[in-house]
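Below is one structure; the comments refer to it alone.
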Amino acid sequence: MPQADSERKYPRKASSIDFNGNGVDDYADIVAGARADANNHPRYDSGYYEGGYPPADRGACTDTVWRAFRQAGYDLKAMVDADIASDPESYAAVAPKPDPNIDFRRTGVLDVFLSKYAQTLTTDIADHAQWQGGDIVVFETNRHIGVISDKRDRDGTPYVIHNMGQRQRENDYLAFRRHMSVTGHYRFDASKVPQDVLKAWQGSR
């Protein structure tokens, strides 16, 4: 669907927050960050790294998400680590032995984090208007995660920016005849995050 038609039929929902003060709202920044990762086309790598972060030319689905949040000024790793430390019970099923080197790169952990600090939205793919650029989509609870694009196919189904090692990292995965089932759909809201958990990006990666 041409971008102009998409924006007319499905008006973009902008975030009221511009966390990094760059003149771009959070949701647009999240899309831009995810797209930058897609364009960088990191080799799929879900391996363990001391310090947590894989090299810029490597990554898995969860790396697309923290890199997207980085574009908006958030340190998702630091936020996840802080929340697990303050509320380990919520994460017990997905992080029974917390490890800051990997927890923020686990889909199940991000699903818990977003369920606490994001607006929970419909998982009905056919409800096109409820899917907006910058939303986060989780598949089968802990199997896969991606960022909803601001682009749509001709039927109005939003594209997903994600990494499962495929050639085209921004695609209409939700319209594929066979795809993993959607179990989570979130719209991040920094106003819900406690100040002791909210962390700004300070790193260089």
message = For the structure I just gave you, tell me whether Ala28 is within 14 Å of the chain's Cα centre (by Cα), under 24 Å from Tyr173 (Cβ atoms) and among the small types (Gly, Ala, Ser).
response = yes
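Find the strands (runs of 3 or more DSSP E) located wholly in the range 122-197 whose residues include 3 or more that are of a type in the set (A, V, I, L, M, F, W, C) and under 18 Å from Cys61 (Cα atoms), and list them.
Because the criterion is at least 3 residues that are of a type in the set (A, V, I, L, M, F, W, C) and under 18 Å from Cys61 (Cα atoms), the strands (runs of 3 or more DSSP E) in the range 122-197 that meet it are 136-139, 144-152.
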message = Among the residues of the range 112-119, are any part of a helix (DSSP H, G or I) and polar (S, T, N, Q)?
response = yes
request  = Could you pull out the residue among Asp63, Asp37 that is in contact (Cβ under 8 Å) with a residue 24 or more places away in the chain and out of contact with any strand residue (DSSP E or B) (no Cβ under 9 Å at 6 or more places or on another chain)?
outcome  = Asp63
ask   = Right, Ala93: under 19 Å from Lys192 (Cα atoms), more than 15 Å from the chain's Cα centre (by Cα) and hydrophobic (A, V, I, L, M, F, W, C) or not?
value = no
query = What is the residue count in the range 149-167 for residues that are in contact (Cβ under 8 Å) with a residue 40 or more places away in the chain and among the hydrophobic types (A, V, I, L, M, F, W, C)?
reply = 2
message = Suppose we filter the range 47-64 for residues that are part of a helix (DSSP H, G or I) and surrounded by fewer than 19 Cβ atoms within 10 Å (Cβ to Cβ); how many remain?
response = 0
message = Considering only the range 8-22, I want to know if a residue exists there that is more than 25 Å from Pro158 (Cβ to Cβ), in contact (Cβ under 8 Å) with a residue 24 or more places away in the chain, surrounded by fewer than 22 Cβ atoms within 10 Å (Cβ to Cβ) and not β-branched (Val, Ile, Thr).
response = yes
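Since every read-out is calculated from the coordinates, none of them should be taken as a lab result. Here the structure is a predicted model, which means the values were calculated and not measured. Here Cβ is always computed from backbone atoms with ideal geometry, including for glycine, and neighbour counts include all displayed protein chains.
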